[in-house]
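Here's the structure we're looking at; comments come further down.
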Amino acid sequence: DYLQTLGVNAVELMPIQEFDGNESWGYNPTHYFALDKAYGTREQYKVFIDECHKRGIAVIVDVVYNHSTGASPLAKIYWNSSDNKTASNNPYFFVDARHDFNVFHDMNHENPMVAEMVKGSLEYLLTEYDVDGFRFDLTKGFTNNHSNESTASNYDADRIAILKGYNDYIMSIDPEAVVILEHFCSESEEKELAQAGMKVWRNLNYAYGQAAQGTRNDSGFGGLWTGKNMKFGAYVGFMESHDEERNAYRQKAYGQEGVKGNLEMMMKRLELNAAFFLTVPGPKMIWQFGELGYDVSIEDGGRTGKKPTKWEYLDVPERKALYDTYCGLISFRRDNPEFFDADAEFSWTVGAGDWDDGRFITCTAGSKSFVVVGNFTDEEKTFTVSMPSAGTWTNHFDNTDLYTGDNLSVTLPAGEFKLLTNF
């Protein structure tokens, strides 16, 4: 119910296929045809998925096919106990990983038995549990070509062929399924995968973190938007994920004067970030409770340790204001889908060099337009805004008609924004 009220239309679960232990992120898989007991029974998983579907929320499962731990039967059945490695005749795994990013035992995706097992696992999740898609972990490793940290991101035709094969199989079962890759490889490779219908993660954590802290350096958001270089909608952008510190934690630890220790300004700057995130076309991922300014360190209780749930944050006015802004921006997306289609005219000025003179987003679809104006500095500023057309411009969040014309002066306190519409 909380997620439905927030307005999200998909939930991405971190890995739930059987993993070592009970307290884990799930990136240490052992079995691919069982869901982990730590979160419940198979029936409880199905109830959760059904309840999401009743609320119009898709369920995407993070799957880990780059590697398995030594507890996997596929590793144990061909095992070199003297070296504590998979044996050289193991058809499923390499004795030594083919890339520097690997953990545990590196899977051989060019072996037909591995491909058959992976496809069977994907089909099982689609048909038995009715999931709606997948986020593939560490797809950079889906190759037999030797690489190191400096070459692993280079264009690799074999890796592309492997991933296309899995995607084609998924589409043969459910043509509407979503496939997202944690890839981070060359743009030419990501473009080819996107043309085949897959999406790729787009990490803007550092830039949005800098902006949240009130730090100008390296705070440009430009990499979030595909522009003309990538298939429209192929980037799944995010400000936070499980792999990085929370932006609110970074504010608490590293914020500039006027931000660190000032909860009101911290939350306002997170609202400002959200305005320059959720109004950008393409799918956007919110890491759980980012909408409340969750500020517990990733290292609290150990990196993969359970983190406290902070429902009491909803009772804190500054955090509730951030939550309301998220709800409003997501509602704006859902109520005005034409702005987030490929045919809309989108432009923005969001580089680090635009810090002092204001950051702007402009989008037009037919006769409708919106403009976002943001003040990322630490003082009140008046910005001259070139509007896409003349007429009356409404402050969307309080529905007041404030501006008339096509060249406006907009005054904003430090760390605040306005979303202006002409409809």
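The values are calculated or read from the model by the stated rules, or taken from the named source; none is laboratory data. Just so we're clear, the structure is a prediction, and the values are computed from it rather than from any experiment. Glycine also receives a Cβ, built like all others from the backbone with ideal geometry; neighbour counts cover every protein chain displayed. Only protein heavy atoms, including side chains, enter the accessible area calculation; ligands, DNA and RNA are left aside. Shrake-Rupley method; radii C 1.70, N 1.55, O 1.52, S 1.80 Å.
A few points about this structure:
- Some residue of segment 290-305 being of a type outside the set (Gly, Ala, Ser), touching a Ser or Thr at 6+ places or on another chain (Cβ under 7 Å) and crowded, with 19+ Cβ neighbours inside 10 Å: no
- Residue-level analysis places Asp218 outside the set of residues that are outside any helix (DSSP H, G or I), within 24 Å of Val11 (Cβ to Cβ) and not β-branched (Val, Ile, Thr).
- Selection over segment 103-121 of residues that are in contact (Cβ under 8 Å) with a residue 24 or more places away in the chain, of a type outside the set (S, T, N, Q), over 13 Å from Asn144 (Cβ atoms) and surrounded by fewer than 21 Cβ atoms within 10 Å (Cβ to Cβ) gives a count of 4.
- Enumeration of residues in segment 306-331 that are open to solvent by 40 Å² or more (accessible area, probe 1.4 Å), free of Cβ contacts under 8 Å to residues at least 40 places away in the same chain and not in a loop (DSSP other than H, G, I, E, B): Trp311, Glu312, Leu314, Asp315, Pro317, Lys320, Asp324
- Those residues of segment 249-260 which are assigned to a helix (DSSP H, G or I) and either exposed (fewer than 15 other Cβ atoms within 10 Å of the Cβ) or touching a Lys or Arg at 6+ places or on another chain (Cβ under 9 Å) (or both), in sequence order: Gln251, Lys252, Ala253, Tyr254
- Conditions (1) surrounded by 15 or more Cβ atoms within 10 Å (Cβ to Cβ); (2) part of a helix (DSSP H, G or I): number failed by Gly282: (2)
- Of all residues in segment 226-240 being surrounded by fewer than 18 Cβ atoms within 10 Å (Cβ to Cβ) and closer than 17 Å to Lys199 by Cβ, the one that is modelled with the lowest pLDDT: Gly227
- Some residue of segment 360-368 being in contact (Cβ under 8 Å) with a residue 12 or more places away in the chain and open to solvent by 70 Å² or more (accessible area, probe 1.4 Å): yes
- Lone unmet requirement of (1) more than 28 Å from the chain's Cα centre (by Cα); (2) open to solvent by less than 60 Å² (accessible area, probe 1.4 Å) for Thr384: (2)
- Top-ranked residue in segment 1-50 [being touching an Asp or Glu at 6+ places or on another chain (Cβ under 9 Å) and in a helix (DSSP H, G or I); ranked as nearest to Asp324 (Cα to Cα)]: Leu6
- Per-region count, segment 156-188, residues hydroxyl-bearing (Ser, Thr, Tyr) and farther than 18 Å from Ala234 by Cα: 2
- Qualifying residue in segment 332-350 (condition: in a helix (DSSP H, G or I), loosely packed, with under 14 Cβ neighbours inside 10 Å and touching a residue at least 40 places away in the same chain (Cβ under 8 Å)): yes
- Only residues that are crowded, with 16+ Cβ neighbours inside 10 Å and either hydrophobic (A, V, I, L, M, F, W, C) or touching a Phe, Trp or Tyr at 6+ places or on another chain (Cβ under 6 Å) (or both) were counted in segment 88-102, giving 5.
- Residues of segment 213-227 that turn out to be over 16 Å from Asp357 (Cβ atoms) and either touching a helix residue (DSSP H, G or I) at 6+ places or on another chain (Cβ under 6 Å) or not aromatic (Phe, Trp, Tyr) (or both), as a count: 9
- Number of the exception - Asp96 against (1) more than 27 Å from Ile180 (Cβ to Cβ); (2) at pLDDT 95 or above; (3) of a type outside the set (Val, Ile, Thr): (2)
- Subset of segment 128-151 (residues that are under 25 Å from Glu43 (Cβ atoms), open to solvent by 50 Å² or more (accessible area, probe 1.4 Å) and in contact with a helix residue (DSSP H, G or I) (Cβ under 7 Å, 6 or more places away or on another chain)): Asp130
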